[in-house]
Amino acid sequence: MNDGYTNTKHNNLTRREIAESLSNRLGYSQSSCALIVDSFLDNMKQTLLGGETIKLVHFGTFTVRDKAPRKGRNPRTGETITIKKRQTVSFRPSKKLRELINK
Amino acid sequence: MNKSELIEALAQEINIPHREASAITTTIIETMTEALARGESIEIRGFGSFIIKKYNSYEGRNPKTGKKILVKPKKLPFFKVGKDLREKVNANKK
């Protein structure tokens, strides 16, 4: 409820469920689906590690973004520290995905 | 990289016809989309997780005109990069 939103966390889709869905819908064996999903995700990871953006139509865009250095605090000691410049992966949902979620 | 390049990479990597790699890629994305549309979260170790945040309605402003408007309740998907990918992305650029 803080910040005006709530997180929903009841059901969780993992690699395993994705592999199961693949197996059910396309008829491959469960074990090959597990390998296929790993390989698919690995490709995405390698692409992002190469600094490349991934654009999936109807889903969204993954980009590697620079985060500027900033001053932070060690929450335990209260000490001021500089958080270095770093990279992160950000995701921007497509219009279609946002619409589907709000349907 | 776009979807068709991702399909091509998958086809080559596991040595399957392009048509099959295409069906696989579409099914994976569909499965993820459907889960999010049901309000579920996705958690892929090493890659990242998606959660749906629900926003209550609030009073916002049109940034162009400054006019007050009531923003309806909405849900938005958020992605949080996984530990492994985050660490590798950073190690890469040093």
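The values are calculated or read from the model by the stated rules, or taken from the named source; none is laboratory data. Since this is a predicted model, take the numbers as computed values, not measurements. Please note: Cβ atoms are built from the backbone with ideal geometry, for glycine as well, and neighbour counts cover all protein chains shown. Ligands, DNA and RNA are stripped out before the accessible areas are found, and what is left, the full protein with its side chains, is counted by its heavy atoms. Shrake-Rupley method; radii C 1.70, N 1.55, O 1.52, S 1.80 Å.
Between helix A:30-49 and chain A, what is the angle of the helix's C-alpha long axis to the longest principal axis, kept within 0 to 90° and rounded to the nearest 10?
40
Who wins for biggest fluctuation among A:Thr88, A:Thr77, A:Thr63 in a Gaussian network model of chain A, springs between alpha carbons below 10 Å?
Checking each option, the largest mean-square fluctuation is seen for A:Thr77.
Suppose we look only past 14 Å in the calculated P(r) of region A:53-103. What percent of the Cα-Cα pairs does that tail hold?
65
So how do A:Val37, A:Val57 rank on accessible area, 1.4 Å probe, biggest first, that is with the largest at the start? Don't jump to the answer; show the numbers that get you there.
Details: A:Val37 5, A:Val57 95 Å².
From most accessible down to least: A:Val57, A:Val37.
List, largest first, the extents of the alpha carbons of chain A along their principal axes, each in whole Å.
Rounded to whole Å, the extents work out to 56, 36, 29 Å.
Using a 10 Å cut-off on Cβ to Cβ distances, tally the other chain neighbours for every residue of A:25-31 and report the average as a whole number.
Mean partner-chain Cβ count within 10 Å for A:25-31: 2.
Of A:Lys85, A:Lys45, A:Lys67, which is the most mobile in a GNM of chain A whose springs link Cα atoms less than 10 angstrom apart?
A:Lys85
Taking B:Lys75 as the anchor, which lysines have their alpha carbon closer than 24 Å to its alpha carbon, excluding any fewer than eight residues away along the same chain?
Cross-link targets: A:Lys9, A:Lys55, A:Lys95, A:Lys96, A:Lys103, B:Lys53, B:Lys54, B:Lys64, B:Lys67.
Could you rank A:Lys96, B:Lys68 by how accessible they are, 1.4 Å probe, largest area first?
On the way: A:Lys96 90, B:Lys68 120 Å².
These residues rank, largest area first, as B:Lys68, A:Lys96.
List the DSSP H helices in chain B whose Cα atoms stretch 27 Å or more along the helix axis and whose mean Kyte-Doolittle hydropathy is at least -0.5. Show your work: numbers first, answer last.
On the way: long enough: B:18-37 (28 Å, 0.19).
Qualifying helices: B:18-37.
The protein assembly as shown: Rg/Rh from Cα coordinates, Kirkwood Rh? Kindly include the intermediate steps, with their values, before the conclusion.
Details: Rg = 19.1 Å, Rh = 18.7 Å.
Computed over Cα atoms, the ratio is 1.02.
Using only Cα atoms, what Kirkwood radius does chain B have, in angstroms?
Answer for chain B: a Kirkwood hydrodynamic radius of 16.6 Å.
Charges at C-beta only: +1 for Lys and Arg, -1 for Asp and Glu. How large is the resulting dipole of region A:53-103 about its Cα centre, in Debye rounded to 20? Spell out each step's value before the answer.
Details: 15 positive and 3 negative charges, 18 e Å.
I would put it at about 80 debye.
Based on Cβ point charges of +1 for Lys and Arg and -1 for Asp and Glu, what charge dipole magnitude is obtained for chain B about its Cα centre, in debye rounded to the nearest 20? Display every interim value, and only then the final one.
On the way: 19 positive and 11 negative charges, 206 e Å.
In total the dipole reaches around 980 debye.
Using protein chains only (no ligands, no nucleic acids) and a 1.4 Å probe, work out which residues of region A:71-91 have their accessible area cut by at least 10 Å² relative to the chain alone.
Flagged in region A:71-91: A:Arg86, A:Gln87, A:Thr88, A:Val89, A:Phe91.
Mind checking the mean number of beta-carbon atoms from other chains within 10 Å of the Cβ atoms in B:50-63? Present the calculation step by step, with values, prior to reporting the outcome.
Working: counts 6, 4, 7, 6, 7, 4, 5, 1, 2, 0, 0, 0, 0, 0.
That average works out to 3.
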